[in-house]
Amino acid sequence: MADDPIAAFRVEAGEVLDQVEQALLDLGHRLDDADLVNAVFRGLHTLKGSGAMFGFDALAGFTHHCESAFDRVRKGQVPATAGLVSVILSAQDHMRALVEGDAPAADGDAILARLQQAIDEASGPAPAAANAKAPARSGWQIAFRLPADAMANGTNPLMLLDELRELGDCTVVARTDMVPPLADLVPTECHIGWDVTLVGDIKRDDIEDVFIFVMDDMELSIEPLGLDDADAAVDDIVADEAPSAEETVAAAPVATASTADSPAARSTAKAEESVRVPAGRLDALMDRVGELVIAQSRLSQCAHRGNDLVLRSVSEEIERLAGELRDTMMVMRMVPVGSLFARFRRLIHDLSRDTGKTIEFETAGEATEVDKTVIERLFDPMVHLIRNSCDHGLETPEDRIAAGKPAAGSVKLAAHQAGGEVVITIRDDGRGINRARVRAKAEANGLIQPDQALTDSELLQMIFAPGFSTAATVTNLSGRGVGMDVVKRTIEGLRGSIDVQSTEGEGSLIALRIPLTLAIIDGLLVRVGTGRYVIPLTAVEECIELSLEDDMRHRGRSLITLREKLVPFLRLRELFATDTRPDPFQKIVVVATPQGRVGLVVDQIIGNHQTVIKPMSALHQGATTFAGATILGDGEVALILDIAQLIALGQPHEETLRAAG
């Protein structure tokens with residue numbers, strides 16, 4: 001991407017559009033917020049200028065109309081309205097398509113027609129402009145000098161001068177006093193300053209907008225050229241005696257970048273704190289770190305076979321460094337879950353419009369960090385869950401008022417870290433899940449028998465069955481019975497689990513438990529027969545011994561008493577059909593599942609193992625009991641157990657054994 005300026009522009013344009021979208025969504029709730037209006041205007045102004053610079057003329061032309069509309073709002077000529085915000089939201093969707101190069105021109109024409117209609121409807125007695133009390137000036141004297149690296153950073157002085165010319169009658173004089181001798185001249189640096197005389201009824205804000213993106217790094221002076229009448233002169237004297245803080249900051253010349261405490265210096269320091277790195281490079285680096293962990297494991301194994309203390313010392317040092325590098329790499333891949341949550345604000349806005357429901361959207365725990373790969377794969381399942389909460393869960397305003405609830409429904413996303421997992425919850429205060437309707441639908445679909453006993457948790461999990469839907473009608477949002485089964489498959493593919501809680505009449509809560517990372521995990525290495533397997537350490541609660549006598553005594557029951565509570569267990573030897581004799585003293589690894597604790601009987605517990613997860617080959621995709629594989633220090637392969645799938649497979653197997661016994 002560093003070698004492709006168009007790709008870099010597309011990435012940065014996407015970030016600007018995200019900022020514009022968030023500002024528009026906030027503005028929809030606070031239409032009189034001038035800061036939000038300015039934020040939208042600045043974003044559109046940036047997109048227009050950078051689009052023209054990189055040859056995206058259609059984008060620049062379309063964005064210019066939207067920018068002009070918000071310029072009128074910013075100047076107080078047109079009030080911000082919900083209709084105008086809605087049109088600009090549609091416009092920024094079209095801008096995204098223009099950035100990618102696949103937007104029909106007809107769509108842009110239709111949006112601009114809607115934009116003009118929204119402006120016409122909003123026109124009327126315009127509110128007073130933000131600086132209406134400013135003196136009516138006849139012109140300005142402007143002096144500015146750009147930083148030396150301005151052109152190298154993409155700033156074109158001619159474009160700035162052209163924008164000043166568009167404001168009024170403009171006279172430009174170049175200052176060449178700082179141009180060095182030819183022998184010392186660096187052609188990529190900017191050495192010229194400009195004195196500009198600008199005549200016309202122009203506000204200071206309009207001039208500052210021209211320099212809005214370079215103001216912190218340049219020298220800029222804006223002084224009034226003259227006054228139209230005596231009243232204006234009096235007003236100007238008053239203004240000079242007591243300037244506002246905003247005007248003082250805006251009018252003060254900015255120090256050069258060489259000043260340590262200058263805004264330019266702070267801006268430069270801040271820019272040096274972060275570097276944009278393509279995701280593919282991070283993935284490649286993560287792979288190399290994984291290979292290093294495997295190589296370190298082999299070195300450690302070789303060192304402990306002999307008596308060479310120097311080799312063992314070096315092995316321990318490399319193990320420490322590899323562990324620190326692994327932890328650093330994991331942190332580099334972590335991104336705040338707030339970046340995911342922010343993408344759903346627009347979804348809630350559109351769902352509120354489509355369903356006719358008033359929906360309040362809340363978030364909590366946005367700073368919780370998750371692996372970027374997890375974030376990417378969580379988006380689609382959460383879209384399905386939020387759609388169902390809004391369409392099926394929340395009632396209409398009339399029904400909510402009749403039920404004694406506020407007219408506005410609430411959907412809340414929250415995240416928190418629990419050990420090696422992150423828990424994301426989607427909560428609504430709607431009608432809840434009707435158990436009787438779920439059971440009737442499950443029986444009708446043949447998922448359960450009419451007299452089959454189910455726990456409440458098992459019954460609620462029925463909503464994730466393929467083709468399952470309790471909706472009375474099919475809408476364009478949901479009700480076709482597709483989506484929720486995809487949610488479950490995706491979450492389980494992330495080695496996660498889903499918990500459902502619901503109270504009829506009060507609402508529902510769906511909790512997604514997801515591992516923090518999909519690249520390297522801490523695992524418990526065990527042996528079953530002659531094979532070795534890895535159990536994710538985050539699922540392990542404790543390990544206990546199971547002697548051969550106890551194993552024979554429990555045969556047919558598969559239950560042990562652990563601190564006065566019955567815990568079921570699975571014999572992995574039989575499940576994997578090892579055809580070998582069990583060890584005299586087997587071990588039970590007790591793992592935690594959403595349904596409770598379950599024991600896994602293994603022959604030997606080898607110890608902790610830093611597990612680099614490798615995907616299964618296409619030939620083994622059907623082996624759902626395994627989440628992946630890893631390479632051990634001796635070069636052998638160990639399979640990583642998928643606890644949820646293993647238990648789902650093992651329970652029918654144990655029931656068959658009990659029936660046979």
Identify, from the list 342, 295, the residue that is small (Gly, Ala, Ser) and within 23 Å of the chain's Cα centre (by Cα). 342
Taking region 150-159 and keeping only residues that are more than 16 Å from residue 175 (Cα to Cα) and either touching a Cys at 6+ places or on another chain (Cβ under 8 Å) or surrounded by 15 or more Cβ atoms within 10 Å (Cβ to Cβ) (or both), one is left with 150, 151, 155
Tell me whether region 565-580 contains one or more residues that are open to solvent by less than 20 Å² (accessible area, probe 1.4 Å), modelled with pLDDT of 80 or more and more than 40 Å from the chain's Cα centre (by Cα). yes
Among the listed residues 7, 69, 34, 13, identify the single one that is without any contact (Cβ under 8 Å) to a residue 12 or more places away in the chain and of a type outside the set (Phe, Trp, Tyr). 7
Is it true that some residue in region 428-438 is open to solvent by 50 Å² or more (accessible area, probe 1.4 Å) and touching a Lys or Arg at 6+ places or on another chain (Cβ under 6 Å)? no
Any chance residue 306 is exposed (fewer than 14 other Cβ atoms within 10 Å of the Cβ) and not β-branched (Val, Ile, Thr): yes
Test residue 366 against the stated conditions and say whether it is in contact (Cβ under 8 Å) with a residue 12 or more places away in the chain, among the charged types (D, E, K, R), open to solvent by less than 50 Å² (accessible area, probe 1.4 Å) and in contact with a helix residue (DSSP H, G or I) (Cβ under 9 Å, 6 or more places away or on another chain). no
Is it fair to say residue 130 is part of a loop (DSSP other than H, G, I, E, B) and either modelled with pLDDT of 85 or more or open to solvent by 40 Å² or more (accessible area, probe 1.4 Å) (or both)? yes
Has region 29-44 got at least one residue that is at pLDDT below 85 and of a type in the set (Val, Ile, Thr)? no
For residues that are in contact with an Asp or Glu (Cβ under 8 Å, 6 or more places away or on another chain) and assigned to a strand (DSSP E or B), tally how many sit in region 487-508. 2
Residues 407, 402, 418, 440: which one is hydrophobic (A, V, I, L, M, F, W, C) and within 27 Å of residue 338 (Cα to Cα)? 418
Those residues of region 375-421 which are of a type in the set (Val, Ile, Thr) and not in a loop (DSSP other than H, G, I, E, B) amount to 375, 383, 386, 401, 411
For region 482-507, how many residues are over 19 Å from residue 645 (Cα atoms) and open to solvent by 20 Å² or more (accessible area, probe 1.4 Å)? 6
Can residue 345 be described as within 18 Å of residue 422 (Cα to Cα) and open to solvent by 30 Å² or more (accessible area, probe 1.4 Å)? no
Would you mention how many residues in region 386-410 are over 30 Å from the mean Cα position of the chain (by Cα) and charged (D, E, K, R)? 4
Do you know which residues across region 345-385 are under 15 Å from the mean Cα position of the chain (by Cα) and closer than 16 Å to residue 28 by Cβ? 345, 346, 347
Matching residues in region 584-605 - criterion: being open to solvent by 30 Å² or more (accessible area, probe 1.4 Å) and under 16 Å from residue 549 (Cβ atoms): 584, 585, 587
Open to solvent by less than 30 Å² (accessible area, probe 1.4 Å) and either assigned to a helix (DSSP H, G or I) or in contact (Cβ under 8 Å) with a residue 24 or more places away in the chain (or both): does that describe residue 318? no
Tally up the residues in region 160-213 that are within 20 Å of residue 148 (Cβ to Cβ) and either loosely packed, with under 12 Cβ neighbours inside 10 Å or free of Cβ contacts under 8 Å to residues at least 24 places away in the same chain (or both), please. 14
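Identify all residues within region 390-418 that are of a type in the set (Val, Ile, Thr) and either open to solvent by less than 30 Å² (accessible area, probe 1.4 Å) or touching a strand residue (DSSP E or B) at 6+ places or on another chain (Cβ under 6 Å) (or both); write none if there are none.
Hit for region 390-418 is 411, nothing else.
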Residue that is out of contact with any Asp or Glu (no Cβ under 7 Å at 6 or more places or on another chain), within 25 Å of residue 14 (Cβ to Cβ) and open to solvent by 20 Å² or more (accessible area, probe 1.4 Å), where the choices are 387, 326: 387
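The values are calculated or read from the model by the stated rules, or taken from the named source; none is laboratory data. All of these numbers come straight from a predicted model, not from anything done at the bench. Don't worry about glycine lacking a Cβ; one is built from the backbone with ideal geometry, like all the others, and counts go over all protein chains shown. Side chains are part of the model used for accessible areas, which takes the heavy atoms of the whole protein and leaves out ligands, DNA and RNA. Shrake-Rupley method; radii C 1.70, N 1.55, O 1.52, S 1.80 Å.
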